[in-house]
Amino acid sequence: MSSTAASYTPARHPFETDDPRLRPIADKVLGQERLSFEDGLALYRSADILAVGWLANHVRERMWGDTTFFNVNRHINPTNVCVAACRLCAFGRKKDTPGAYTMALDEAWETAASGYSEAVTEFHIVGGLHPDLPFQYFLDLISGLKERFPQVHLKAFTMVEVAFLAKRAKLSIRETLEQLKAAGVDSLPGGGAEIFNERVRRVICDHKIDGEQWLDTARIAHQIGLKSNCTMLYGHVENEEDRVDHLVRLRALQDETGGLQTFIPLAFHPDNTPLQHLPKTTGMSDIKQIAVGRLMLDNIPHIKAYWQMLTPKIAQISLRFGADDLDGTVIEEKIYHDAGATTPQGMRRQELERLIREAGRVPVERDTLYRPVLRNEDSFTVCV
Ligand code: V47
């Protein structure tokens, strides 16, 4: 049953569909041809989720066989104080309002140390756009973490945070990224991309940098040797054209830089946000984003199912619909839980492995750069 990418034999069962729009797309996928904007729309508009999933799974197995990556990480959110009052967000607070917090550096380093017994390989560090914290706070935060945890990869600051820090420090984006890299940032997470279309951005996050600025910041990060991830927030006021446009723009950036490692579709959680009247995403739509992402983003190696927002059950199913990566142990999550997520705060490594095995896949622990991690008791080795 199991295969690796090297020994992959296609199609355990033939492709079948009752949706004629999918037939020419299937020919392209099987012939390894790039899909067009219209193909993306047809995939979104098809109700034949099994056929769309078959195609996405075909690509996923062609690339990775049964291998399914997971990682042992910890999220750290140094502050929830944020000048941008995005309608999509339940996490940000204005300064000096109830629930607002900002960690002193010692506190952030202590947070990093707690739960460290599982030999975390990555700290995922993101937070609000704080009006007063100086750039030096973030440089010290990072260099302090590097000093204390030299073997841990620091995946820190979204493109939105980088652009904000640059403005505050009166530096160019390139200089800002170079200083962050020198302090110890190893790569950047994919957040803040939301949906690039301006009409949508004006509704959900009108204070954030625009789509082109997000892409420009990512481009510069890649140019100076920092890999990054990319996301798409779906299930709010966007339509199918907006989603395909978002995917095509990510694909174009990747053609140029090759710096995107992973695409992570993020389901909008409306609770406690100004958009709480919107309905929650459905299982069908969650699975669709994974599958269409895999099919459209032919040049991005990995598609991540983030169980915190998909739920472990949907994330597990998505491993048969295009996803090859299950993130992660996480330990403590604030952004979705403030917005009503009912998933647990973290998951143990053994539980992630069980979910992957029960999906008929082979779990491989990875570091942030997708190098396999070998473990014995409390230590780990990264295979380079
Ligand atoms: O940037 C904020 C989104 C992102 C809500 O790179 C919301 O490996 C849903 O980017 N409902 C943060 N989404 C999470 C993120 C991420 C997660 C896991 C892995 C990686 C990675 C990145 O969450 C934000 C924003 O796009 N977000 N509020 C909400 N109410």
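Plugging the Kirkwood radius over Cα pairs into Stokes-Einstein for segment 263-384, at a temperature of 20 °C and a viscosity of 1.002 mPa s, what D comes out in µm²/s? Mind dumping the intermediate values first?
Working: Rh = 15.5 Å.
Taking Rh from Cα pairs, D becomes 138 µm²/s.
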Practice problem: Considering Cα pairs under 8 angstrom that are at least six residues apart, work out the relative contact order of the chain and quote it in whole percent. | Solution: 21 percent
Exercise. Return, ordered by residue number, the residues of segment 331-350 whose backbone nitrogen is under 11 Å from a label point located 7 Å along Cα→Cβ of Lys280.
Key: 340-343
Practice problem: Tell me the label-point distance for the pair Leu105, Asn272, using the 7 Å Cα-to-Cβ offset, in nm and rounded to one decimal. | Solution: 3.0 nm
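Two-decimal Rg/Rh of the chain from alpha-carbon positions, Kirkwood Rh?
On the way: Rg = 20.1 Å, Rh = 21.2 Å.
So for the chain, dividing Rg by the Kirkwood Rh gives 0.95.
Hey, what's the Cα Rg ratio for segment 130-207 versus the globular rule of thumb, 2.2 N^0.38 Å?
Working: Rg = 13.9 Å, N = 78, 2.2 N^0.38 = 11.5 Å.
Normalised Cα radius of gyration, segment 130-207: 1.21.
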Quiz prompt | Where labels lie 7 Å past Cα in the beta-carbon direction, separation of Glu212 and Ala84 in nm | solution = 1.7 nm
Quiz item: Can you sort Ser114, Ser143 by how many other beta carbons sit within 10 Å, fewest first?
Solution: Ser114, Ser143
Exercise. Can you grab the distance from the C-alpha centre of segment 347-377 to the C-alpha centre of segment 138-171, Å, no decimals?
Key: 27 Å
Quiz item: Among Ile314, Ile303, Ile264, which comes first, then next, by fewest other beta-carbon atoms within 10 Å?
Solution: Ile314, Ile264, Ile303
Self-check item: Percent of alpha-carbon pairs separated by more than 22 Å within segment 11-113
Solution: 58 percent
Self-check item: Tilt relative to the chain, helix 211-223 - C-alpha long axis, 0 to 90 degrees, to 10
Solution: 80 degrees
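How high is the FRET efficiency from Arg21 to Ala119, r the C-beta distance, R0 30 Å, rounded to 0.05?
Working: r = 48 Å, r/R0 = 1.60.
My answer for the efficiency is 0.05.
Using Cα pairs closer than 8 Å and at least 6 residues apart in sequence, work out the relative contact order for segment 238-384, in percent.
On the way: 187 pairs, mean separation 28.2, N = 147.
Result for segment 238-384 is 19 percent.
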Quiz item: Considering the Cα trace of segment 157-294, what is its radius of gyration and what is Dmax, both in angstroms?
Solution: 15.3, 45
Self-check item: Where only alpha carbons of segment 136-179 are counted, the Rg and the Dmax (Å)
Solution: 11.1, 32
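Mean 1/r over all different Cα pairs, inverted: what Kirkwood radius does segment 36-172 give, in Å?
With all distinct Cα pairs of segment 36-172 included, I get 18.2 Å.
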Self-check item: Reduced Cα scattering model of segment 208-274, Debye log10 I(q)/I(0), q = 0.19, 0.21 Å⁻¹
Solution: -0.80, -0.93
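Coordinate-derived values only; no laboratory data. Since the model is a prediction, treat every value here as computed from it, not as a measurement. Methodologically, a virtual Cβ is constructed for each residue, glycine included, from the backbone with ideal geometry; neighbour enumeration extends over all protein chains shown.
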